[in-house]
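Have a look at the structure below, then the notes.
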Amino acid sequence: MEVAGTTLFRFLQARLAGALARSALRAPDARPAAREVPLEVPPDPAFGDWSTPVALRLAGRLRRPPLDVAAELKAALEDDPDLAPWVSQITVSRPGYVNLRLDGAALAAAVVRQALARRDRYGDVPPGSLDEAVGQGKVLIEHTAINPNKAAHIGHLRNACIGDTLARLYRKAGFRVEVQNYIDDTGTTVADVLVGLETLGRRPEPGQRWDYFCWDLYTEVNARYEQEPALAEARRRLLQLVEEGDNDVARLGRLVADRNARWHLWTMWRLGIFYDLLSWESDIIALGFWRHAFDVLKRGGALQFETEGPNAGCWVVRLGDVPGFEAMENPDKILVRSDGTATYTAKDLAYQLWKFGVLGRDFYYQPYTRQPTGRWLWSTVTDPGASHQEVGERGGEGEADGDGQAAESATGAGLAPPAGTILADLVEGYRLAVGGYGSEAQGELAEPPPEGFGRADRVINVIDIRQKYLQDVLRAGLQKLGYEAQARQSVHFGYEVVALSPQAARELGAEVDEAAGAVAMAGRKGIGVKADDLVDLARQKAATEVAARHPEWSAAECERVAHQIAVGAVRYYMTRFNLQTVIVFDFADALNYQGNTGPYLQYAHARAASILRKAAGGAGPVTPGAPVPVPAELEAGPPEPPAELHPAEAALARKLADLPEALARAIETGSPALVCDYAYGLATAFTDFYEAVPVLTAPERVRTFRLGLVAAFRQSMANTLDVLGIPGPTVM
RNA sequence: GCGCCUGUAGCUCAGCGGAUAGAGCACCGGCCUCCGGAGCCGGGAGCGCAGGUUCGAUUCCUGCCAGGCGCACCA
């Protein structure tokens with residue numbers, strides 16, 4: 001709930017700070033800033049709804065007994081006319097707490113009114129609730145960024161789920177958000193696949209997915225390098241051809257990357273994850289971003305040519321004087337090798353400069369494909385007049401001319417490659433992908449964003465913590481260049497990896513030590529859980545369950561709901577852990593639909609929807625996807641709460657009121673997992689309410705009030721799930 | 001060797017310097033002709049070790065022990 005332009009929590013903090021400043025307590029050093037006032041939920045509801053130990057902290061400084069300080073704070077709060085409408089009772093307890101009891105009826109009335117009036121905007125982070133200016137500026141988020149040489153696995157899934165929820169959070173706070181998916185399509189990443197295709201002559205089985213085929217091929221080739229030196233030699237030769245360009249091998253390399261990138265998109269689209277721009281590393285190279293950055297860096301004095309020492313002959317950025325680097329043996333980072341070639345870090349630095357719009361160079365852009373949402377996904381390209389007619393070239397199989405037909409061909413449906421070929425299989429996959437998501441795509445024209453791509457005020461790179469050093473170098477590099485503001489706004493959104501539980505590893509056929517706690521995934525060995533395999537398993541399990549519960553549904557209806565539940569299970573599992581926690585992946589945990597899981601949240605939502613349907617007079621069969629009606633008695637106006645609330649009603653209303661605060665805190669602390677926490681607490685509050693009091697059979701006035709709570713809950717739950725990218729089924 | 005992160009219930013995880021450290025899973029026992037049993041209620045068990053700061057430490061600091069990850073002219 002929003003009070004006085006901020007969240008309820010921050011409003012209470014501000015009133016507390018004000019009371020401290022006004023009261024007889026006001027010593028100069030006893031005036032905490034509003035955001036510094038400690039405010040917590042007491043362990044026992046008998047103490048009230050909120051409680052602050054601030055008097056305890058100030059007592060020492062004021063050299064007065066804590067209970068006296070608390071009593072004076074209580075008196076000052078009771079004189080606050082702004083607080084009066086919300087607080088019914090203020091008490092002081094034991095060592096020196098001041099407890100606030102909220103006026104449950106007033107709170108419930110306000111929260112229901114707001115939720116029903118604002119609908120899908122309820123819970124948006126109010127301006128003035130974050131330290132930084134809410135909604136000011138553009139945030140560029142890079143996530144997913146899977147090497148386009150094999151299928152996505154569950155580690156990539158964690159990245160995408162975190163990144164996507166982050167993007168949704170920033171949108172809720174009113175920021176302009178641009179999501180980029182970086183694709184490292186340079187020769188080396190696809191070289192192993194090329195060895196398999198060219199040297200070993202491998203081809204996919206009929207019907208086999210391209211990215212799955214590459215997964216196996218990558219494993220096979222890597223396993224054979226040791227025994228067969230000729231293969232390593234072949235790799236070098238193919239790599240050279242790729243780097244020379246303008247030959248069949250180079251074209252095949254591009255095709256391999258493009259096909260995999262498209263499958264990665266399918267994987268993510270299934271989960272409701274979408275992008276604004278694909279940025280290709282090969283374009284960064286081809287457009288000379290690094291050459292340009294090199295000049296900028298040299299002119300800015302950030303780059304040194306070493307004539308002696310271990311880095312002799314290289315261009316480096318010296319970081320010895322940067323905090324965090326001093327202790328290192330060799331803190332300087334090489335950007336240009338002694339043979340004159342640029343390192344990965346160099347390209348990344350150029351790209352980072354571009355993201356902030358300070359490189360002085362830009363890509364060219366072209367629509368790549370239309371996403372199931374109807375929004376176009378754009379791609380960087382190197383040529384202003386690029387015409388991508390060649391099959392397998394980026395930008396789609398047809399010339400993207402901005403109408404719906406281009407969307408069809410870009411996703412493959414407009415093509416008819418020879419049956420049984422690699423491409424035929426890929427195209428079929430795309431048709432299924434786009435048809436299967438159930439989007440309500442509008443015939444939107446492909447128009448680039450009016451302000452252009454990049455030029456961000458803040459850049460967030462979602463990359464696992466193993467890349468911390470590189471990200472630190474990036475920030476330090478910006479600083480060395482004099483881009484202080486950009487350095488501060490360069491955020492490495494790091495998170496721990498996904499490992500396999502010993503049991504999961506064994507199920508995948510890996511040999512596991514008896515004592516092993518977790519097993520790292522290993523792409524080269526093919527040990528890992530493919531993202532789509534997990535989603536498929538989740539979907540199958542849900543489908544069985546749904547079919548048993550709804551024998552009257554068509555296969556398509558069952559599939560639709562099963563898909564929603566699968567997304568709920570997988571995304572919740574991937575988002576609910578703290579960033580610094582290694583996810584020890586276990587099939588049983590990820591596919592559990594009971595307790596603290598996505599489907600539990602969805603179930604609470606479906607139950608609420610069911611009550612609303614019945615209240616609106618709905619009878620007969622219920623089909624998935626039908627909108628939830630608003631009961632007529634709620635349309636008359638905001639329901640009036642009874643004088644005394646049931647504890648379960650009060651608890652639910654409070655939880656509903658917390659939504660904007662939960663989202664604000666998730667942004668502030670950079671913790672998508674907090675959204676999961678909140679969602680689970682919200683769901684249990686509703687379930688408690690559901691168990692404790694009847695709605696439909698309650699006396700009329702109470703019934704209307706409770707229906708208001710149910711409707712407000714349904715809306716809040718849907719909005720919360722939306723931040724997590726989880727669908728809110730109305731039946732399941 | 002240096003740096004960063006993590007040690008909380010049998011397992012997987014929460015925990016904002018504050019009151020009786022919370023969930024889920026697993027296990028055991030219950031749930032009324034009642035709005036959906038993917039639910040609800042009840043049960044047991046825990047802060048790696050040792051110091052320190054503080055009125056108060058799972059939380060902050062130091063040391064030790066254990067685990068993970070970094071420390072490229074790889075990407």
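Numbers at a glance
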quantity: For A:I565: the one exception among (1) in contact with a Phe, Trp or Tyr (Cβ under 8 Å, 6 or more places away or on another chain); (2) under 21 Å from A:G625 (Cα atoms); (3) more than 9 Å from RNA strand B (Cβ to nearest atom); (4) of a type outside the set (F, W, Y); calculated: (3)
quantity: Residue within region A:501-511 that is assigned to a strand (DSSP E or B), under 20 Å from A:R158 (Cβ atoms) and not assigned by TED's automatic domain parsing to the domain that holds A:T219 present; calculated: no
quantity: The one condition in (1) under 26 Å from the mean Cα position of the chain (by Cα); (2) away from RNA strand B (no atom under 16 Å from the Cβ); (3) not basic (K, R) that A:T345 fails to fulfil; calculated: (2)
quantity: Filtered residues of region A:602-631 (kept if outside any loop (DSSP other than H, G, I, E, B) and closer than 14 Å to A:F713 by Cβ); calculated: A:Q602, A:Y603, A:A604, A:H605, A:A606, A:R607, A:A608, A:A609, A:S610, A:I611, A:L612, A:A615
quantity: From the options A:A17, A:A27, residue that is assigned by TED's automatic domain parsing to the domain that holds A:R94, modelled with pLDDT under 90 and of a type in the set (G, A, S); calculated: A:A27
quantity: Hey, A:Q540 away from RNA strand B (no atom under 11 Å from the Cβ) and surrounded by fewer than 15 Cβ atoms within 10 Å (Cβ to Cβ) or not; calculated: yes
quantity: Helices (runs of 4 or more DSSP H) wholly inside region A:91-209 that include at least 3 residues being in contact with a Phe, Trp or Tyr (Cβ under 7 Å, 6 or more places away or on another chain); calculated: A:104-118, A:154-172
quantity: Strands (runs of 3 or more DSSP E) contained in region A:319-388 and holding at least 2 residues assigned by TED's automatic domain parsing to the domain that holds A:G187; calculated: A:364-370, A:376-381
quantity: Residue check, A:A19 within 12 Å of RNA strand B (Cβ to nearest atom), assigned to a helix (DSSP H, G or I) and hydrophobic (A, V, I, L, M, F, W, C); calculated: no
quantity: Filter result for A:R57 (farther than 30 Å from A:G637 by Cα, modelled with pLDDT under 95 and part of a helix (DSSP H, G or I)); calculated: yes
quantity: Region A:578-600 residues that are under 19 Å from A:L724 (Cα atoms), paired with ones that are near RNA strand B (Cβ under 6 Å from one of its atoms) and of a type in the set (A, V, I, L, M) (beta carbon under 6 Å, 6 or more apart); calculated: A:P599/A:I565
quantity: Boolean, A:Y122 is touching a residue at least 24 places away in the same chain (Cβ under 8 Å), of a type in the set (F, W, Y) and in contact with a Pro (Cβ under 6 Å, 6 or more places away or on another chain); calculated: no
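The values are calculated or read from the model by the stated rules, or taken from the named source; none is laboratory data. What you are looking at is a predicted structure, and each value in this text was computed from that prediction instead of being measured. Cβ atoms come from the backbone with ideal geometry, glycine included; neighbour counts cover every protein chain shown.
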